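A.B. asks: The structure follows.
The values are calculated or read from the model by the stated rules, or taken from the named source; none is laboratory data. Not measured: the values here are computed from a predicted model. We place every Cβ from the backbone using ideal geometry, glycine too, and count neighbours over all the protein chains shown.
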Amino acid sequence: MASRLTLATVLALFVALSSTLLAQWPAYPTPDVPRKDGKPILDAPTPRTADGKVDFSGIWLRAGGGGGGRGRQGAPPAPTTTPDGIPLSTFGEVAGRGFALPLQPWAADLKKRRMADNQKDNPDVWCLPIGLMQYHNHPQPRQIVQTKNLMLITYESNYGLRYIYMDGRPAPNNDPTPWWFGYSRGWFEGDTLVVETTNFRGDERAGWLDVNGSPYTDALKMTERFRRPNFGTLEIDITIDDAKAYTKPFTVRVNQRIMVDQEMIEFICNENEQSSKHLEPPKKS
């Protein structure tokens, strides 16, 4: 039987090449970073914008992850929950190890089929946008650019770009075209940035919350709560509310850490892509 390319294979190849890619660019210190003896002070006070809001701008890596060859090596095993019991999300499982997702029966069956099929229908394998939870947990970095009325998040993986509207607009109610990243609106509640996203694509190709294929549908409402307790730390609590795929909403935590004195890498997944010709097209549900 011919071997089939999986997402894990693609990621392993990229991680192996990352250190070589990094060597192609000159080092340049990130401006406005608090330092002591040249090293960043990660527990320095939280940066703020001119109007006093928490500034989430920066390049961020999933805490405890490999970072495409840029993470910390030899770190101890990560805990599975926060101290108050919120499951810690992972790239492989949206709610981490040991947490039983409240899947509807059809959604549980679909996840089993996806895993049995070596996750080959994950959109990442096909150079398509991989969905917000996979982007949150991806070992490659993401950069947040924050302005008064708009926040942009650029993802190194698959060159993803997400818009979060901060100008007070309501959720769309005119039956808009669904998007891979959904339609995101954000507002501040104290020092917490709350982002509500709806109008997702939820078809067979788009609806992957994690590498193992936990699904979502077009009914998904994702609510993210961003917090930056100090200079170097980003905490994101994400509530998944999708009554078509899950029997009840659930909340997970993603931890990220600042990356300084490095830059994002251009990653065009389709450039000279030679793998998909060896794969069967995704099955229709």
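A.B. asks: So, Thr46, is that one surrounded by 11 or more Cβ atoms within 10 Å (Cβ to Cβ), at pLDDT below 95 and not in a helix (DSSP H, G or I) or not?
C.D. replies: no
A.B. asks: Would you point out which residue out of Ser157, Ser89 is in contact with a Cys (Cβ under 9 Å, 6 or more places away or on another chain) and either at positive phi or of a type outside the set (A, V, I, L, M, F, W, C) (or both)? Break it down into steps so the answer makes sense when it comes.
C.D. replies: Values: Ser89 fails: in contact with a Cys (Cβ under 9 Å, 6 or more places away or on another chain).
Only one candidate passes the filter, namely Ser157.
A.B. asks: Which count do you get for residues in the range 94-134 that are closer than 15 Å to Val254 by Cα and surrounded by 21 or more Cβ atoms within 10 Å (Cβ to Cβ)?
C.D. replies: 6
A.B. asks: Moving to a separate point now. Being within 30 Å of Ile258 (Cα to Cα), crowded, with 21+ Cβ neighbours inside 10 Å and not aromatic (Phe, Trp, Tyr) is the requirement here; does Met166 meet it? Before you say what the answer is, go through the steps one by one.
C.D. replies: Numbers: within 30 Å of Ile258 (Cα to Cα): yes; crowded, with 21+ Cβ neighbours inside 10 Å: no; not aromatic (Phe, Trp, Tyr): yes.
No.
A.B. asks: Let me confirm something: among Gly207, Gly160, Gly186, Gly202, which residue is small (Gly, Ala, Ser), touching a Leu at 6+ places or on another chain (Cβ under 7 Å) and within 30 Å of Ala108 (Cβ to Cβ)?
C.D. replies: Values: Gly207 fails: touching a Leu at 6+ places or on another chain (Cβ under 7 Å); Gly160 fails: touching a Leu at 6+ places or on another chain (Cβ under 7 Å); Gly186 fails: within 30 Å of Ala108 (Cβ to Cβ).
Of Gly207, Gly160, Gly186, Gly202, the one residue that is small (Gly, Ala, Ser), touching a Leu at 6+ places or on another chain (Cβ under 7 Å) and within 30 Å of Ala108 (Cβ to Cβ) is Gly202.
A.B. asks: Give the range 176-232 a look and list any residue that's surrounded by 20 or more Cβ atoms within 10 Å (Cβ to Cβ), of a type in the set (D, E, K, R), modelled with pLDDT of 95 or more and in a loop (DSSP other than H, G, I, E, B), or say none.
C.D. replies: Listed by number, the list holds a single entry, Asp210.
A.B. asks: Now for a different question. Kindly check whether there is at least one residue in the range 169-180 that is under 14 Å from the mean Cα position of the chain (by Cα) and polar (S, T, N, Q). Quick ask: steps written out before the conclusion?
C.D. replies: Restricting attention to the range 169-180, the residues satisfying the condition of being under 14 Å from the mean Cα position of the chain (by Cα) are 180.
In the following step, the residues that additionally are polar (S, T, N, Q) were identified as none.
No, the range 169-180 contains no residue that is under 14 Å from the mean Cα position of the chain (by Cα) and polar (S, T, N, Q).
A.B. asks: Can you find a residue in the range 144-151 that is surrounded by fewer than 19 Cβ atoms within 10 Å (Cβ to Cβ), over 20 Å from Glu93 (Cα atoms), aliphatic (A, V, I, L, M) and touching a residue at least 24 places away in the same chain (Cβ under 8 Å)? Break it down into steps so the answer makes sense when it comes.
C.D. replies: Narrowing the range 144-151 to residues surrounded by fewer than 19 Cβ atoms within 10 Å (Cβ to Cβ): 145, 147-150.
Now narrow it down to the ones that are over 20 Å from Glu93 (Cα atoms): 145, 147-150.
From what is left, the residues that are aliphatic (A, V, I, L, M) are 145, 150.
Among the residues that remain, those that are also touching a residue at least 24 places away in the same chain (Cβ under 8 Å) are: 145.
The answer is yes, given that some residue of the range 144-151 is surrounded by fewer than 19 Cβ atoms within 10 Å (Cβ to Cβ), over 20 Å from Glu93 (Cα atoms), aliphatic (A, V, I, L, M) and touching a residue at least 24 places away in the same chain (Cβ under 8 Å).
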